[in-house]
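The values are calculated or read from the model by the stated rules, or taken from the named source; none is laboratory data. Quick caveat, the model's predicted, so the values are computed rather than measured. Neighbour counts run over all protein chains shown; Cβ positions are idealised from the backbone, glycine included. We work out accessible area using only protein heavy atoms, side chains counted, and drop any ligands, DNA or RNA first. Shrake-Rupley method; radii C 1.70, N 1.55, O 1.52, S 1.80 Å.
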Amino acid sequence: MSWNVCTLGTDADSGPSTGKIWKVGISLEDQNSSSIDAAEATLLRRLRAGGPSALADVFSTYQERLHRMVSFRLDPRVRGRIDAADVLQEAYLRISRRLVDFLDQPSVSFFVWVRQQTLQVLIDMQRTQFREARSPQREIRLATPGDSAATSLSIACRLVDAIQSPSQIVSRNEALHRVREALESMNPIDREVLALRHFEQLGNAEVAQILNLSPTAASNRYVRAAGRLADIVSQVRADTSGQPKDAP
């Protein structure tokens with residue numbers, strides 16, 4: 001059995017930033033924390049009072065962001081076997097079962113919790129696919145979304161898709177290898193901040209909650225990671241085009 005390392009071409013679910021990944025936008029300002037707290041409290045009251053219909057309404061407002069996360073985190077080796085819509089449907093059922101426990105003692109924002117539940121569903125579905133594909137002759141390691149290898153692979157696939165044209169497909173695996181090596185040289189937390197901010201397009205406060213960082217630390221790490229990403233893309237573009245690194 002053979003596995004494609006990456007999907008070919010530009011992923012339609014990759015989000016608006018994919019085509020110009022090397023132009024990293026850095027926005028360090030989130031909403032005022034007091035307004036976020038007030039909005040979150042209002043949301044939790046709505047969920048407690050509204051029951052299943054309130055959950056359905058709120059979840060629908062998250063679907064685009066969750067779909068982007070699933071598309072980014074989905075292991076390239078099982079693309080075509082797992083549909084993002086199926087992940088979200090199963091995630092909604094999981095969230096419905098666990099909602100009361102969360103509302104009794106919320107420790108993160110509701111969206112961050114919903115994202116965590118959705119990510120776990122994706123992990124479980126991928127594990128099922130890999131168990132079915134495994135054979136005694138060939139052991140397949142599943143790169144779990146959120147671990148270092150999975151994050152590097154996801155970012156590398158998006159970068160190579162954005163940088164290379166179809167005519168450069170022959171050099172794809174070499175470019176992918178170079179990008180992954182460069183990404184693996186980054187601090188793992190910085191790399192995950194980059195994935196969350198730039199590829200999942202989460203806010204700084206959400207990233208801070210997910211990674212248990214202060215908002216200031218999360219912002220500083222993103223600035224550092226974004227600069228490193230720009231260097232990586234510039235070098236890979238130069239390598240694949242034959243132009244000097246700083247060529248336009």
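Does ALA84 count as under 23 Å from PHE130 (Cα atoms), touching a residue at least 40 places away in the same chain (Cβ under 8 Å) and not β-branched (Val, Ile, Thr)? Taking the combined requirement at face value, the residue satisfies it.
Candidates are the residues of segment 79-106 that are in contact with a helix residue (DSSP H, G or I) (Cβ under 8 Å, 6 or more places away or on another chain) and not in a helix (DSSP H, G or I); the one that is surrounded by the most Cβ atoms within 10 Å (Cβ to Cβ) is ILE82. For ASN220, indicate whether it is among the polar types (S, T, N, Q) and either within 20 Å of GLN126 (Cβ to Cβ) or modelled with pLDDT of 90 or more (or both). In short, yes. Screening ASP30 with (1) in contact with a helix residue (DSSP H, G or I) (Cβ under 7 Å, 6 or more places away or on another chain); (2) open to solvent by 60 Å² or more (accessible area, probe 1.4 Å); (3) at pLDDT 50 or above gives one miss only, at (3). Restricting attention to segment 118-130, the residues being more than 14 Å from the chain's Cα centre (by Cα) and either among the basic types (Lys, Arg) or open to solvent by 20 Å² or more (accessible area, probe 1.4 Å) (or both) number 5. Look at segment 44-60: where a residue is within 15 Å of VAL112 (Cα to Cα) and a partner is open to solvent by 80 Å² or more (accessible area, probe 1.4 Å), sitting 6+ places away or on another chain with Cβ atoms under 8 Å, you get VAL58/ARG46. The one condition from (1) open to solvent by 20 Å² or more (accessible area, probe 1.4 Å); (2) at pLDDT below 95; (3) in contact with a Phe, Trp or Tyr (Cβ under 7 Å, 6 or more places away or on another chain) that LEU43 does not meet is (2).
Yes/no per residue for (1) at pLDDT 80 or above; (2) of a type in the set (A, V, I, L, M); (3) outside any loop (DSSP other than H, G, I, E, B):
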site: ILE140; (1), (2), (3): no, yes, no
site: ILE155; (1), (2), (3): yes, yes, yes
site: ALA162; (1), (2), (3): no, yes, yes
site: GLN168; (1), (2), (3): no, no, yes
site: GLU174; (1), (2), (3): no, no, yes
site: ALA182; (1), (2), (3): yes, yes, yes
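Within segment 184-195, residues that are touching a residue at least 24 places away in the same chain (Cβ under 8 Å) sit with their Cβ atoms under 6 Å from residues that are aromatic (Phe, Trp, Tyr), at 6+ positions apart or across chains, in these pairs: VAL193/TYR222.
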